[in-house]
Structure formats: C-alpha cells, structure tokens
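Chemist: Take this structure, written in structure tokens, and hold onto it; I'll ask about it next.
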Amino acid sequence: MREPADAAARRAIAPVICYPNETLPRLPEADVARAKTGWQKVGEVLVPPRDGATFRVKAGQAFRISSVEGPQVGDLNLWNAHDLSERFYSGKTRALHGTHVTTGDRLWSSFPGLRPMATILEDSLHWYGKDAFGGSVHDVIGTRCDPYTHNLLAGGQYHHCCHSNLTRALAAETGMPLAEAEPLVHDVLNVFMCTGFTRDTGQYFMKASPVRPGDHLDFVAEIDLLGALSACPGGDCSAEHSSDAAACFPLLVEVFDTQATPDWIMPPVNGYDRSHGV
C-alpha cells in the first residue's frame, strides 16, 4: 500500500509526554535523609540461584538488594503485607517514571490504592545511564520469564523461571496452594537487568548486566511490605533466560531499621472517590 502524500508530515509531529511528572509527589528530602541514616541490620535473606525467596519490611525500614558472588539479575514483586490485592504496578510506575528506574523514583501500587510502596534511596549502577543501544538498568518493561511463554516458544516444561520461582516463594510464605498464589504474582521490577527496545523492530532486548559483586539497590519501604525476589535463571541475561546453561549466582536481601522507622507515616491510598461517574 502506498504512503499517503502527507506521510512525512504526520511522522514529524512532535511527541507529547503522556504523564508529565513535575507534580508527581516525591518523598520529601527530610524523609530521604532520615531513611538513609542510622541503619541497624535486623534481617537478611539469601536468594538461591534459579530460585526465589520472600522477605518482609516494615514501613520506614530500608532494604538492600545486592550482588554477592557474581553478575546476577533479579525479578522483584512487592505486596501490601496486610492486603495482597494491593501490589506493585509496574505499568503505572513505567508511565510515571520511564522504562527504567533509579535513585529517587518510587514504586507505585495497583488500583485503587495507587500510592508509593517504596522509594529508591541509592542505585550503585546509576552511572550506567543509557548506552548506545538504548539499554539501561532496572527496567519496568519486562514481565518476568515464565513457563507459559517458554512452552509457547520452545516447548517443554521449565519450572525454575522467575514466575514459578515467585509463585513457589509466595505459596511457601503464606501457606496458600500454588493455584491460589499464582494469580497474585505480577509484573516485576527487573533488578540489575540491562534492557531496552531495538530501534528497527521495537523488540524487547536484554544484554549482559553491568552488575558486579558489591553493587546494590537500596529502598525505603513506605508501607508494610511482603516482598519476593527471584534470582533469574538467565544469570546476567547476556544470552538467554529460562535456562540451565547460564552461570547463576545468589542475591542478598538485607533489611535495616533506620532513623525514620519509629515514626514513619504511611502514605494514604489514592484520593479518587471511586464513584466512576455514577
């Protein structure tokens, strides 16, 4: 089919940001400073390679995800510890902050709550920025590797992908059967993963993560959280995921009391009245 005569003019129209975020509430600097001060370690979880584990964080506590033995990416789920129907909303976080998150960005919860669940306090990979391929670190564009897509594209049954790892971890933590836990698993923050979209086909790509032992991503929990983290079977995602061939390493989750912990005030749920025009 031929292009219309005004095709070039249509393509040349300047884009408009869907959600200008100048008015987006940010964690006040005073709260950031208190959350970064006086850390006292109160717990840790070592997430095994190709597996998942859960952790709990109280509002006002900090948690750190670290690479400890080798380059490894992780898939993070977060829930309101008291109501698992309120969970991390990667799509809205992406719409508000962009395809990748870093220091100062907040992780937002699902409707109807739509409130900050956690704020990133420090990102040791902030220096990476955006590379020549359009890649960056800590994405909210990938969904998580899963056994259904693996079966669709490659056949077979693979059980240690991130979706299954998170499902098993949540079921073990809550006592739910797998069939009840699985629908609560949701799109993730891909911690340490380096990703983007190809310029020609627009396909989601991954490349070797720049993460090295000692790199970390720090958060302050803004509400009481139940978290689950999967140490992806793709390792550093330099070649493939859902694989037993990649070199994989554990990830460490540490939880800290902070100066802000004793008197932290959790953000309220979204102020929309939920009448939906009726």
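The values are calculated or read from the model by the stated rules, or taken from the named source; none is laboratory data. Predicted model only: the values in this text are computed from it and were never measured. Methodologically, a virtual Cβ is constructed for each residue, glycine included, from the backbone with ideal geometry; neighbour enumeration extends over all protein chains shown. Only protein heavy atoms, including side chains, enter the accessible area calculation; ligands, DNA and RNA are left aside. Shrake-Rupley method; radii C 1.70, N 1.55, O 1.52, S 1.80 Å.
Chemist: Just to check I understand the Karplus step: with θ = phi - 60° and J = 6.51 cos²θ - 1.76 cosθ + 1.60, what whole-Hz values come out for region 224-234, glycine and proline as x?
Modeler: These are the phi-based 3J(HN,Hα) values: 5, 10, 10, x, 9, 10, 10, 7, 4, x, x Hz.
Chemist: Next question, about the same structure. Given a cut-off of under 8 Å on Cα pairs at least six residues apart, what relative contact order in percent is computed for the chain?
Modeler: In percent, rounded to a whole number, it is 36.
Chemist: Within a Cβ distance under 12 Å of C162, other residues only, what is the Lys/Arg minus Asp/Glu net charge?
Modeler: -1
Chemist: Another question about this same structure. Hey, what D do you get for region 113-226 in µm²/s if you plug the Kirkwood alpha-carbon radius into Stokes-Einstein at 4 °C and 1.567 mPa s?
Modeler: 79
Chemist: Still on this structure, please answer the following. Looking at the calculated P(r) for region 114-178, what percent of the C-alpha pair distances fall above 17 Å?
Modeler: 65
Chemist: Going highest first, how would you order 177-188, 11-22 by mean Cβ packing within 10 Å?
Modeler: 177-188, 11-22
Chemist: What does the net charge come to around T143 if you take all other residues with beta carbon closer than 12 Å to its beta carbon, with K and R at +1 and D and E at -1?
Modeler: Every neighbour counted, the sum reads -2.
Chemist: Which parts of region 213-237 would a label at L178 reach, counting a residue when its backbone N lies under 20 Å from a point 7 Å out along Cα-to-Cβ?
Modeler: Correct set: 228-234.
Chemist: Would you look at the GNM of the chain, springs on alpha carbons closer than 10 Å, and say which of D51, D83, D123 moves the most?
Modeler: Most flexible of the set in this elastic network: D83.
Chemist: Next question. Assuming 0.36 nm per residue, please report the length gained on full extension of the stretch F133 to N151 beyond their Cα-Cα distance.
Modeler: 3.6 nm
Chemist: Using a Gaussian network model of the chain whose springs link C-alpha atoms within less than 10 Å, name the residue from T93, T167, T198 with the highest mean-square fluctuation.
Modeler: Of T93, T167, T198, the most mobile in the Gaussian network model is T198.
Chemist: Let me ask another. Working only with C-alpha atoms, what are the Rg and Dmax values of region 50-201, expressed in angstrom?
Modeler: 15.8, 46
Chemist: Now a separate question. Tell me, what is the 1.4 Å probe accessible area of K207, in Å² to the nearest 10?
Modeler: Rounded to the nearest 10, the figure is 50 Å².
Chemist: Pick from W39, W108, W127 the residue whose mean-square fluctuation is largest in a GNM of the chain, springs joining Cα atoms under 10 Å.
Modeler: So, out of W39, W108, W127, the one fluctuating most is W127.
Chemist: In square nanometres and to one decimal, what's the mean projected area of the convex hull around the Cα atoms of region 1-86?
Modeler: 12.6
Chemist: Further question: Pull up the cross-link candidates among the lysines for K130, meaning alpha carbon to alpha carbon under 26 Å and not fewer than 8 places away within one chain.
Modeler: K92, K207
Chemist: Same structure, new question: For the chain, treating each Cα as an identical point scatterer without solvent, what Debye log10 I(q)/I(0) comes out at q = 0.11 1/Å?
Modeler: -0.64
Chemist: Report in % the part of the accessible area of the chain that belongs to carbon and sulfur, leaving out ligands and nucleic acids; probe 1.4 Å.
Modeler: The nonpolar share, carbon plus sulfur, comes to 57 percent.
Chemist: How do R106, R212, R87, R274 rank by accessible surface area computed with a 1.4 Å probe, from largest to smallest?
Modeler: Output order, biggest surface exposure first: R274, R212, R87, R106.
Chemist: Here is a further query. Rounded to the nearest 500, what is the 222 nm mean residue ellipticity of the chain from helices alone, with -39500 (n - 2.57) per DSSP H run of 4+ residues and division by all residues?
Modeler: After summing the helix terms and dividing by the residues of the chain, the value is -4000 deg cm²/dmol.
Chemist: A further question on this structure: Using alpha carbons only, how many angstrom separate the centre of region 111-131 from the centre of region 132-149?
Modeler: Computed from Cα coordinates, the inter-centre distance equals 15 Å.
Chemist: Continuing with this model, one more query. How much of the DSSP beta bridge set in the chain is antiparallel, as a percent to the nearest 5?
Modeler: Of all bridge pairs located within the chain, approximately 100 percent are antiparallel.
Chemist: Then there's this: Decide, for region 168-278, between rounded, prolate and oblate: order the square roots of the alpha carbon gyration tensor eigenvalues as a ≥ b ≥ c, take rounded if a/c falls under 1.5, and otherwise choose prolate if a/b is larger than b/c, else oblate.
Modeler: prolate
Chemist: Same structure, new question: Let me check against my output: what whole-number percent is the relative contact order of region 1-152, with C-alpha pairs under 8 Å and at least 6 apart?
Modeler: 18 percent.
Chemist: Now for a separate question. Just subtract the alpha-carbon distance of V269 and L46 from 0.36 nm times their residue separation and send over the number in nm, one decimal.
Modeler: 77.1 nm
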